[in-house]
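The values are calculated or read from the model by the stated rules, or taken from the named source; none is laboratory data. This one's a predicted model, so the numbers in the text were calculated from it and none came from an experiment. Note: ideal-geometry Cβ built from the backbone for every residue, glycine included; neighbour counts use all protein chains shown.
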């Protein structure tokens, strides 16, 4: 009886909204989905967004499960169906998911559900090949429709395994991958996390910093990412191209070739304030690093514990680090980390990932981080790109410079451009072919508010 009642409430709730969505402008621009436990801490953000012209609706994940009782095979699919209805009925453009793991236990339990893509491609270190059978992807929640306008399940063969592309085989699931709504996540574990990021977003959007000296600084951190594969310092070449896109910004180059790449310098430049910071190199859930020119030696630019020395307050950059493997792998915990590997079979047990560490930092850090949740892959040929993760990072700045105002819009337009430039052959059975193009785009995850006005609000 309760289920029937819930369904009737949903119908009565939704049908009047259909009328408004068809005959007026969008009912809501932004939907924030969070557990009921976080709602009180999120109310100031809702009020702030509405005050600045973003029509915002706060919805509990518990209500999502109730209203989507007849839809979806698991919690993640129910959430995706709810987002679909929010787009179609309310005209929603932005979706902010607030919730990560519930604690530091080995159990994979989340406040807001996650989806793992089972695109099975690992990493070849030359002497060993490390398998990776699944990884986190929030693009699943943004890719609502397939190319024919139908619901994109990411499970074409209905076997309950999503985004399936077996190793040494053709893809069994062939998702559209094009974002139909702008999705970001704040993987908060507790109310304190929520309060920190809400305060940071409100403060960032409570002024117009776009012409401020600190905002017009663009910090790039790079070295020789693959000294054994290229005859140029690839990270530095990529970031130089990004600098060319960012006309009107003062470039700060922390390059290994110039002897400027060190944790001290990275911390100093972040603390001075900057609008953007781009790390081009390698990563793990706990750190970012790269190589000096023509050397296999490691240089570390920023580790998790270094973030305690960040105090840039409200001068917050948007951080890009797609090439840094696992930097946004937000399912890690002290007791459980899915045996993440980096630099030689080293297991990590850490409280939170690198990208989220920057965003949740109460004294500064970043306002948002776009980075990878798994092994990411660079193209061996910078002139062609070939679907490398650095193409996404680099062209983020091109799309921003072209006039996009919100973070989610830049994220989505960059993905659209990537998919337009590189064709995915779903029948490719190789380890290093089209599957890596698809994986790069699936794992390029936004930790942050997709409706964030870049540079603040005038």
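Tabulated data for the structure shown
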quantity	calculated
Region 312-333, subset over 22 Å from residue 123 (Cβ atoms) and in a loop (DSSP other than H, G, I, E, B), residue modelled with the lowest pLDDT	333
Selection count where residues are within 19 Å of residue 323 (Cα to Cα) and either at pLDDT 95 or above or in contact with a helix residue (DSSP H, G or I) (Cβ under 7 Å, 6 or more places away or on another chain) (or both), scope region 217-236	12
Residue match in region 175-196 (condition: under 27 Å from residue 268 (Cα atoms), surrounded by fewer than 22 Cβ atoms within 10 Å (Cβ to Cβ) and in contact (Cβ under 8 Å) with a residue 12 or more places away in the chain)	yes
Breaking point among (1) assigned to a loop (DSSP other than H, G, I, E, B); (2) crowded, with 22+ Cβ neighbours inside 10 Å, for residue 153	(2)
Strands (runs of 3 or more DSSP E) within region 239-311 that include 1 or more residues within 22 Å of the chain's Cα centre (by Cα) and closer than 24 Å to residue 395 by Cα	276-280, 287-290, 299-303
Criterion: on the phi < 0 side of the Ramachandran plot, in contact with a helix residue (DSSP H, G or I) (Cβ under 9 Å, 6 or more places away or on another chain) and modelled with pLDDT of 95 or more - qualifying residue of 165, 154	165
Which listed residue, of 229, 260, is farther than 25 Å from residue 379 by Cβ, surrounded by fewer than 18 Cβ atoms within 10 Å (Cβ to Cβ) and assigned by TED's automatic domain parsing to the domain that holds residue 377	260
Members of region 313-327 found to be on the phi > 0 side of the Ramachandran plot and surrounded by fewer than 24 Cβ atoms within 10 Å (Cβ to Cβ), listed by number	313
Residue within region 117-133 that is at pLDDT 95 or above and more than 27 Å from residue 349 (Cβ to Cβ) present	no
Residue in region 238-245 that is surrounded by fewer than 22 Cβ atoms within 10 Å (Cβ to Cβ) and in contact (Cβ under 8 Å) with a residue 60 or more places away in the chain present	yes
Residue match in region 376-386 (condition: buried (at least 24 other Cβ atoms within 10 Å of the Cβ), farther than 19 Å from residue 237 by Cβ and touching a helix residue (DSSP H, G or I) at 6+ places or on another chain (Cβ under 8 Å))	no
